[in-house]
Amino acid sequence: MQLLKGHWQLIVITGLLFLLWNTPVVIPLKILIVFLHELSHALATILTGGSVVDLSLSPQQGGHVISRGGNRFVVLSAGYLGSLLLGVALLVIAVQTKLDRVAVALFGVVTLMITALYIRDLFPFVFCSITGLGMLAVARYLDRRLNDLLLRVIGLASMIYVPFDIFDDTIRRSGVRSDAYMLAEEFGGPTLFWGGLWFVLSLAVIVWCVKYGLGQNSNVTFSKKSAK
């Protein structure tokens with residue numbers, strides 16, 4: 001009962017995402033979550049001493065990162081888990097801080113930087129350019145509560161998408177050439193093991209976020225004072 005009372009707005013957003021998940025309305029959001037997945041691969045590559053050659057996305061909600069060097073174990077593990085952590089971070093920032101505009105603007109800047117440095121194909125270049133510029137416009141011109149809402153939607157979408165994607169790509173269809181498949185090839189063990197491990201870890205992160213990251217009340221108030 002306390003969960004429903006303290007977080008009913010997040011529950012409503014989650015319900016709407018599930019309701020619209022298989023409709024065209026959510027496709028741009030899904031592609032954005034795929035971007036977070038590929039961004040996580042790219043960041044892991046750079047942070048472990050490698051270099052990114054190319055980052056791409058497709059309208060069919062696929063993507064890839066071509067890289068050189070870096071720690072392969074970390075890089076391959078970073079896609080699903082990294083995008084989940086980015087989603088959790090965006091949600092916690094929205095709920096626990098007033099840095100909504102800063103976070104949205106930073107998201108926009110990072111997206112535009114990645115676009116300029118690593119994206120070569122037309123579709124992801126256009127998609128990420130529009131997304132990055134749109135984020136900057138939202139941060140600059142729209143009410144803080146709308147920035148907050150944007151972060152909540154992206155964060156929740158990532159938290160929903162990641163465990164579903166892990167299950168679909170690495171457990172239900174373990175023969176597909178996924179991150180877990182490549183990890184099994186290079187480090188041993190079955191795809192199901194790595195996919196199952198990531199699935200359990202993703203659920204643990206989500207439970208932690210709900211239990212500790214959101215506080216007792218995440219609902220947004222609509223007084224004039226809160227809009228400043």
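Read-outs: derived from the displayed coordinates by stated rules, not from any lab. Remember, it's a predicted structure, so these values are computed and weren't measured experimentally. Don't worry about glycine lacking a Cβ; one is built from the backbone with ideal geometry, like all the others, and counts go over all protein chains shown.
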Compactness summary of the range 91-140: radius of gyration and Dmax from Cα atoms, Å, are 12.0, 37
Given R₀ = 25 Å, FRET efficiency for Val207-Ile11 by Cβ-Cβ distance, to 0.05? 0.95
Taking the radius of gyration and the Kirkwood hydrodynamic radius from Cα positions alone, what is the Rg/Rh ratio for the range 1-84, to two decimal places? 1.14
Semi-axis lengths (Å, descending) of the ellipsoid that matches the C-alpha gyration tensor of the range 29-146: 24, 17, 12
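Under the √(5λ) rule applied to the eigenvalues of the Cα gyration tensor, what semi-axes describe the equivalent ellipsoid of the range 108-169? Give them in Å, descending.
Rounded to whole Å, the semi-axes are 22, 21, 8.
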At a 10 angstrom cut-off on C-beta neighbours, averaged per residue, how do the peptides 108-115, 83-90, 193-200, 9-16 rank from highest to lowest? 83-90, 193-200, 108-115, 9-16
Using only Cα atoms, find the angle between the long axis of helix 8-20 and the longest principal axis of the chain, and express it within 0 to 90 degrees, rounded to the nearest 10. 50 degrees
Nonlocal amide H pairs with Ile119, under 5 Å, H built at 1.01 Å: Leu55
Helix 100-118: inclination vs the chain longest Cα principal axis, degrees, rounded to 10, gives 30 degrees
For the chain, compute the number of Lys pairs whose alpha carbons are separated by less than 23 Å, excluding pairs fewer than 8 positions apart on the same chain. 8
For Arg140 paired with Phe123, estimate the spin-label separation in nm (one decimal), with each label point 7 Å from Cα along the Cα-to-Cβ line. 3.0 nm
Evaluate 2.2 N^0.38 Å with N set to the residue count of the range 131-226, then give the Cα radius of gyration divided by it. 1.48
Spatial separation of Cα centroids for the range 150-184 and the range 74-119, in angstrom: 17 Å
Dipole magnitude of the chain, debye to nearest 20 (Cβ charges: Lys/Arg +1, Asp/Glu -1, about Cα centre): 940 debye
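What value in Å³ per residue do you get for the convex hull of the alpha-carbon atoms in the range 150-203? All intermediate terms of the calculation are to be shown ahead of the outcome.
On the way: hull volume 4.1 nm³, N = 54.
Once divided by residue count, the hull of the range 150-203 is 75 Å³.
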